[in-house]
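Below is one structure, written out as structure tokens; comments come after it.
The values are calculated or read from the model by the stated rules, or taken from the named source; none is laboratory data. All values derive from a computational prediction rather than experimental measurement. Positions of Cβ are generated from backbone atoms using ideal geometry, with glycine treated the same way; all protein chains shown enter the neighbour counts.
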Amino acid sequence: MTTTKVRKIEHLEITLYKNVKFREKTTWLEYVHLIHCSLPEMNLEDVDTSINFLNRRIKYPIMINSMTGGPKETFIVNKMLAQAAEEYGIPMGVGSQRIALESKLARNNFRRLRKVAPSTILISNIGAVEATKLSPSEVRELVEMIDADALFIHLNPLHEALQWDGKPYYRNVVSAISKICDTIDVPVIVKETGCGISREVASMLIDAGVYAISVDGSGGTSWAAVEYYRATDEALKSLCRAFWDWGIPTAASIIEAYSANAKVIAAGGITNGIDIVKAVSIGAIMGSIARPFVKQAWKGMKYIREYIESLIREIKLTLFLTGSRKLLDVRSRNKVVIYGPLKEWVEYRGLKLPFAET
Ligand SMILES: Cc1cc2nc3c(=O)[nH]c(=O)nc-3n(C[C@H](O)[C@H](O)[C@H](O)COP(=O)(O)O)c2cc1C
């Protein structure tokens, strides 16, 4: 077994069976309060949850976030998620395709995903560190492998630094991203993996030519926690413990990236439809969910469907109860209160909110 393959399987097992959530830190979406409207002046059925994404109209603002994929054990999970993505017409990111450059089996498994999800939006994935080493034709190969609609490049400096076999080599990443934006035919979306993206980083990425930013902030899955369980020596375990809660809370990161004029995808600790509407209210276009999906997939297809149905019901009801016929109607000073540490953060950092004055 290659080390990449072993690592992928370990990551999946740890996220399924161990407590890998942030300990103290939350997403801060609890500091976004949507104001109840007792007179929505419409029926529940009037709510329209659709959005534009990658020049397509999609029915729900939900994405299945990038997770795993190549080895047989993890492909089974991804295949079920792809089937659900196809059924509901929601976008899905695949996990890092680095392994597909090493193994023919992994390559074939990635290719099979497109057969399972022939019409929905699929997004390729590669790490920023690999991105600095790949030639334009290798990046194109990864995209073509799943006939992807876009490419995710993931940033994970903390995760690389905490893996005993990690590669915390972040020199020249921005120029590599910029080169990829210039040379591939699909839009590039940069994502984090649980530490969030600041306004300054978002601005650099926009200047480099990225289409959108998935903030993947703090409050959900902690990759320091995942590596804590993989670490074999005490010094590394202690470092993982120290950085368990590191990062920008998701709600703050959404407003950071929005303030850089980015198209923002909310991710990191999103678990339900109310979270998604709250995220949209402060600047995101949709919510993207990782670990909660993999946990459902582990139980079976029926559970993935039930989870998506519950997300849809919650999104619709939240919009109805805020008197919002369409998703973006929720972005109004009359509908949203931000308070507590999130308000302080926004003021201290001089960030902007997307509120229309109606
Ligand atoms: C099992 C698992 C595998 C993951 N693999 C990848 C990956 O290959 N590439 C990537 O960009 N993110 C990967 N992630 C990170 C997620 O996309 C996401 O950024 C992070 O888990 C935070 O979202 P959550 O709180 O909804 O889990 C993975 C997450 C999980 C749970």
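Among the residues making up region 246-304, those that are charged (D, E, K, R) and either over 14 Å from the mean Cα position of the chain (by Cα) or within 13 Å of the ligand (Cβ to nearest atom) (or both) are E256, D275, K278, R291, K295, K299, K302. Scanning region 117-133 for residues that are in contact (Cβ under 8 Å) with a residue 12 or more places away in the chain and either surrounded by fewer than 19 Cβ atoms within 10 Å (Cβ to Cβ) or not aliphatic (A, V, I, L, M) (or both) returns P118, S119, T120, S124, N125, G127, E130, T132.
The rows are residues; the columns are (1) touching a Pro at 6+ places or on another chain (Cβ under 8 Å); (2) within 15 Å of the ligand (Cβ to nearest atom); (3) modelled with pLDDT under 95.
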| position | (1), (2), (3) |
| --- | --- |
| K25 | yes, yes, no |
| C37 | no, no, no |
| N52 | no, no, no |
| N78 | no, yes, yes |
| Y88 | no, no, no |
| P91 | no, yes, no |
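Residue by residue, here is whether (1) over 15 Å from P157 (Cα atoms); (2) away from the ligand (no atom under 12 Å from the Cβ); (3) out of contact with any helix residue (DSSP H, G or I) (no Cβ under 6 Å at 6 or more places or on another chain) holds:
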residue: V174; (1), (2), (3): no, yes, no
residue: P187; (1), (2), (3): yes, yes, yes
residue: S198; (1), (2), (3): no, yes, no
residue: L205; (1), (2), (3): yes, yes, yes
residue: G209; (1), (2), (3): yes, yes, no
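Of the residues in region 167-190, at least one is under 27 Å from K21 (Cα atoms), crowded, with 22+ Cβ neighbours inside 10 Å and under 16 Å from the mean Cα position of the chain (by Cα). Residues that are more than 21 Å from the chain's Cα centre (by Cα) and either within 12 Å of the ligand (Cβ to nearest atom) or not in a strand (DSSP E or B) (or both) are absent from region 151-162 altogether. Considering each residue of region 53-74 in turn, at least one proves to be out of contact with any Ser or Thr (no Cβ under 9 Å at 6 or more places or on another chain) and assigned to a helix (DSSP H, G or I).
Only residues that are crowded, with 17+ Cβ neighbours inside 10 Å and not in a loop (DSSP other than H, G, I, E, B) were counted across region 26-52, and they come to 5. With respect to the stated conditions, G127 fails to be within 12 Å of the ligand (Cβ to nearest atom) and modelled with pLDDT under 95.
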